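Here is the structure we will look at.
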Amino acid sequence: MKPIPFNKPFIIGRELSLIADAVAQGHLSGDGAYTRLCHRWLEDKLGCHKALLTHSCTGALEMAAILCDLQPGDEVIMPSYTFVSTANAFVLRGAVPVFVDIRQDTLNIDENLIEAAITPRTKVIVPVHYAGVPCEMDRIMAIAAKHGLLVVEDAAQALLSTYNGKALGSIGHFGCLSFHETKNIISGEGGALLVNDARHTRRAEIIREKGTNRSQFFRGEVDKYTWVDIGSSYLPGELVSAFLYAQLERADDIIAKRRSICTAYAVQLADLQHGGHLRLPTFDGDSNGHMFYILLDSLATRGKLIAHLKALGILPVFHYVPLHSSPAGKKYGRTGSAMRQTDDLSERLLRLPLYYEMSEADIARVCSAIHGFFGK
Ligand SMILES: *Cc1c(COP(=O)(O)O)cnc(C)c1O
């Protein structure tokens, strides 16, 4: 039988013709017409002050870390259950990640544990919206305001999810998006920095353009451009932006399809949750259908289920090794709370195949294979 992969990159609309058009326009480096179209789309749709495409979410997080103006030894509060880039971006600035445990229901940072982890060195909080499900942003923004901290949302998985009607990534001081091929809306590698506080916009543009004021030069605001700050090359080329714009044009269809796949999984696996065999994720109409995971009763069951599904040509995958237990996490970071939920849930979580071109028959095959495993 045809294998069902975990993820499958896809072309949904005008990707190839827009790439051809970008070539015909004769501008292949960054910040051409397609990059500007993507910026405007993101600003209109998400309501952020300024959107800047980057070559990856990793690059956007690095830019945000520079903009936070950290001194060596400053501390940044974040979950341990996240991708390495969340922490690396700040470690590159000499800061110390302080890992806080996650909530048992959403697997997002437990907002009730944040204040106890704050010290005089704390400068930033980084909520990660796992699976596109929102963190408790009202509470996190209130804690940040009370202690004078910046908030960088790692919204890599959260494009077009909302929290109280606001787009994720547009609530903190900065938001970071990913268009990696494993995310909902893709350009191979790709990302964006959302700047939500106008005071940071000019410096963000400079950091993204190798520390030069080239963006101001192209707008005619200065008569020559020069090196004015630290920075690097964070912008994507136009071929990537053209591909991305074609996906953004169809964003609503992509999100609707992914949500419908999540709903189908939830319906077809509900009896296994009732029977106590597994736990299904809590997701609601506000999230973007980024991921569908199941929580098994143990690491051993997860291993056996993976083997069972692989034998049937289905490729589920587990997720993060918690950063606090990784070699670099131990070297560069520390824990700011007990890690009970992180240690427990990370061992039991399994992500099911989910991609735009997945058919109803594919979903049914995955679900019946899981039923088969539990003898149903
Ligand atoms: C995917 C992801 C990233 C990194 O995104 P890239 O675009 O691959 O750099 C960062 N954080 C989280 C939570 C992610 O899921």
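Here are some notes:
- Looking only at the range 33-61, and only at residues there that are in contact with a helix residue (DSSP H, G or I) (Cβ under 6 Å, 6 or more places away or on another chain) and of a type in the set (A, V, I, L, M, F, W, C), the one that is nearest to residue 235 (Cα to Cα): 53
- Exactly one residue out of 12, 19 is in a helix (DSSP H, G or I), aliphatic (A, V, I, L, M), touching a residue at least 12 places away in the same chain (Cβ under 8 Å) and farther than 18 Å from residue 151 by Cα: that is 19.
- Residue in the range 150-159 that is within 11 Å of the ligand (Cβ to nearest atom), closer than 16 Å to residue 127 by Cα and among the charged types (D, E, K, R) present: yes
- Residue match in the range 135-144 (condition: closer than 21 Å to residue 339 by Cα and within 14 Å of the ligand (Cβ to nearest atom)): yes
- Selection of the range 109-134 for residues being touching a strand residue (DSSP E or B) at 6+ places or on another chain (Cβ under 6 Å) and within 16 Å of the ligand (Cβ to nearest atom) yields 109, 124, 125, 126, 127, 128, 134.
- All positions within the range 1-13 that are touching a Phe, Trp or Tyr at 6+ places or on another chain (Cβ under 8 Å) and of a type in the set (D, E, K, R): 8
- Residue check for residue 34: aromatic (Phe, Trp, Tyr), more than 16 Å from the ligand (Cβ to nearest atom), farther than 17 Å from residue 177 by Cα and surrounded by 15 or more Cβ atoms within 10 Å (Cβ to Cβ): yes
- Filtered residue count, the range 268-286, keeping only those that are within 20 Å of residue 355 (Cα to Cα) and in contact with a strand residue (DSSP E or B) (Cβ under 8 Å, 6 or more places away or on another chain): 4
- Between 193, 177, the distinction of being near the ligand (Cβ under 10 Å from one of its atoms), touching a Leu at 6+ places or on another chain (Cβ under 6 Å) and not β-branched (Val, Ile, Thr) belongs to 177 only.
- With respect to (1) in a helix (DSSP H, G or I); (2) more than 16 Å from the ligand (Cβ to nearest atom), the lone exception for residue 221 is condition (1).
- Filtered residues of the range 243-269 (kept if of a type in the set (Lys, Arg) and under 11 Å from residue 14 (Cβ atoms)): 250
- Cross-chain or 6+ apart pairs with Cβ under 7 Å, the range 168-189 first and without any contact (Cβ under 8 Å) to a residue 60 or more places away in the chain and within 18 Å of residue 47 (Cα to Cα), then within 11 Å of the ligand (Cβ to nearest atom) and part of a loop (DSSP other than H, G, I, E, B): 168/129; 168/155; 168/158
- Criterion violated by residue 271 - all others in (1) crowded, with 19+ Cβ neighbours inside 10 Å; (2) in contact with a helix residue (DSSP H, G or I) (Cβ under 9 Å, 6 or more places away or on another chain); (3) touching a residue at least 60 places away in the same chain (Cβ under 8 Å) satisfied: (1)
Values quoted throughout were computed directly from the atomic coordinates according to the rules given, and no laboratory measurement underlies them. Values in this document were obtained by computation on a predicted structure and should not be read as measured data. Please note: Cβ atoms are built from the backbone with ideal geometry, for glycine as well, and neighbour counts cover all protein chains shown.
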